[in-house]
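**Student:** Let me begin by handing over the structure; questions about it come next.
The values are calculated or read from the model by the stated rules, or taken from the named source; none is laboratory data. Because the structure is predicted, anything quoted here is derived from the model rather than measured. All Cβ positions, glycine included, derive from the backbone under ideal geometry; neighbour counts span all protein chains shown. All accessible areas refer to the heavy atoms of the entire protein, side chains included, with ligands and DNA or RNA removed. Shrake-Rupley method; radii C 1.70, N 1.55, O 1.52, S 1.80 Å.
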Amino acid sequence: ISVLSNPYNITGIIEDPDGNIFISTYRANIFMTTDQGETWSQVVIGKYGENISCINVDKNGNYYAIKDSTCLKSDDGTSWIENTFKRKSSYWESMSIDVNDDVYLGTSQNGVYLSNDSSKSWELINDGLFNKYVISTTSDDSGNVVVGTFGNPFLLKDSVYSWQSLSNGFPRTFTTSLAISPQGILFSGTQDYGMYRTSA
């Protein structure tokens with residue numbers, strides 16, 4: 001059953017702490033529903049209204065979205081502003097928010113940016129990350145954070161902010177998507193090589 005009739009390219013789906021559902025779309029803005037998809041409203045975000053490639057929300061109701069080379073933030077999911085910080089030129093590729101509400105942004109050239117103060121400040125955390133093209137990110141309730149690059153995923157050692165390569169048995173290709181099961185199994189979708197998984 002179709003709940004958005006137009007042929008939108010859906011790039012992300014989230015549910016906020018109040019039960020509202022938001023979707024990001026490529027070339028067509030952000031939509032939200034308060035009645036489980038019976039009706040949708042288009043979120044107006046001014047000049048940032050197209051090419052939203054990812055959307056996420058933390059437990060405190062801070063919303064984040066990424067568009068090309070711009071990171072956006074909202075306090076209510078409907079009014080968005082550019083979340084500016086000094087960084088090298090690159091495109092945002094992926095985003096994850098961990099159990100502590102720390103925000104991880106993967107880029108096309110510069111690796112991973114981390115904010116652990118609701119995006120007031122950001123730092124690069126690339127120790128051990130020898131490929132800086134971070135196309136996918138994920139985290140779990142145990143505090144594990146994994147990013148996907150070309151070649152293999154990397155696991156973050158949280159105590160020292162250092163990345164550990166998970167290359168054993170993994171093909172030389174892009175890690176296009178990631179998910180961690182409740183049992184601690186990492187699933188990785190790849191470009192051209194199907195799905196891979198770790199042991200628990």
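**Student:** Show the residue pairs that are 6+ apart or on different chains and have beta-carbon atoms under 8 Å apart, the first residue being within segment 29-41 and within 19 Å of Ile81 (Cα to Cα), the second being open to solvent by 50 Å² or more (accessible area, probe 1.4 Å) and β-branched (Val, Ile, Thr).
**Tutor:** Asn29/Val44; Met32/Thr78
**Student:** Here is a further query. For segment 164-188, give me each residue that is small (Gly, Ala, Ser) and in contact (Cβ under 8 Å) with a residue 40 or more places away in the chain.
**Tutor:** Once the filter is applied, which keeps residues that are small (Gly, Ala, Ser) and in contact (Cβ under 8 Å) with a residue 40 or more places away in the chain, segment 164-188 yields Ser177, Ala179, Gly184, Ser188.
**Student:** Give me the residue from segment 158-172 that is of a type in the set (A, V, I, L, M, F, W, C) and within 27 Å of Glu123 (Cα to Cα) and, out of that set, least open to solvent (accessible area, probe 1.4 Å).
**Tutor:** Selected residue: Trp163.
**Student:** Of everything in segment 111-128, what is part of a loop (DSSP other than H, G, I, E, B) and of a type in the set (S, T, N, Q)? Give them in sequence order.
**Tutor:** Asn116, Ser118, Ser119, Ser121, Asn126
**Student:** Mind counting the residues in segment 179-200 that are hydrophobic (A, V, I, L, M, F, W, C), open to solvent by 70 Å² or more (accessible area, probe 1.4 Å) and closer than 17 Å to Asp140 by Cβ? So that I can check it myself, show each step before the final result.
**Tutor:** Initially, segment 179-200 is screened for residues hydrophobic (A, V, I, L, M, F, W, C), giving 179-180, 185-187, 195, 200.
Next, only the ones that are open to solvent by 70 Å² or more (accessible area, probe 1.4 Å) stay: 187, 195, 200.
Right, trim to closer than 17 Å to Asp140 by Cβ and you get 187, 200.
Counting residues in segment 179-200 that are hydrophobic (A, V, I, L, M, F, W, C), open to solvent by 70 Å² or more (accessible area, probe 1.4 Å) and closer than 17 Å to Asp140 by Cβ gives 2.
**Student:** Output the qualifying pairs, or none if there are none: Cβ atoms under 7 angstrom, residues six or more apart or on different chains, first residue in segment 128-148 and without any contact (Cβ under 8 Å) to a residue 40 or more places away in the chain, second residue part of a loop (DSSP other than H, G, I, E, B) and open to solvent by less than 40 Å² (accessible area, probe 1.4 Å).
**Tutor:** Leu129/Gly111; Asn131/Thr149; Asn131/Gly151; Lys132/Asn110; Lys132/Gly111; Lys132/Asn126
**Student:** Kindly list the number of the only condition in (1) touching a Pro at 6+ places or on another chain (Cβ under 9 Å); (2) open to solvent by less than 20 Å² (accessible area, probe 1.4 Å); (3) part of a loop (DSSP other than H, G, I, E, B) that fails for Thr175.
**Tutor:** (3)
Yes/no matrix, rows are residues, columns are (1) in contact with a Pro (Cβ under 9 Å, 6 or more places away or on another chain); (2) under 19 Å from Ile66 (Cβ atoms); (3) at pLDDT 90 or above:
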{"site": "Asp127", "(1), (2), (3)": "no, no, yes"}
{"site": "Tyr133", "(1), (2), (3)": "no, yes, yes"}
{"site": "Lys157", "(1), (2), (3)": "no, no, no"}
{"site": "Ala200", "(1), (2), (3)": "no, no, no"}
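Yes/no per residue for (1) more than 25 Å from Ser90 (Cα to Cα); (2) under 18 Å from the mean Cα position of the chain (by Cα); (3) part of a strand (DSSP E or B):
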residue	(1), (2), (3)
Phe130	no, no, no
Val146	no, yes, yes
Phe154	no, yes, yes
Gly184	yes, no, no
Ser188	no, yes, yes
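**Student:** While we're here: On the given criteria, is Ser181 within 19 Å of Tyr63 (Cα to Cα) and either hydroxyl-bearing (Ser, Thr, Tyr) or out of contact with any His (no Cβ under 8 Å at 6 or more places or on another chain) (or both)?
**Tutor:** The answer is no for Ser181.
**Student:** If you don't mind, there's one more thing I want to ask. Return only the number of the condition from (1) hydrophobic (A, V, I, L, M, F, W, C); (2) in contact with a Leu (Cβ under 7 Å, 6 or more places away or on another chain); (3) crowded, with 19+ Cβ neighbours inside 10 Å that Val134 does not satisfy.
**Tutor:** It is condition (2) that Val134 fails.
Okay, residues lined up against (1) within 24 Å of Gly194 (Cβ to Cβ); (2) of a type in the set (Asp, Glu); (3) open to solvent by less than 40 Å² (accessible area, probe 1.4 Å):
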residue	(1), (2), (3)
Asp68	no, yes, no
Leu72	no, no, yes
Asp75	no, yes, no
Glu93	yes, yes, no
Asp102	no, yes, yes
Lys120	no, no, no
Leu129	no, no, yes
Val146	yes, no, yes
Pro153	yes, no, yes
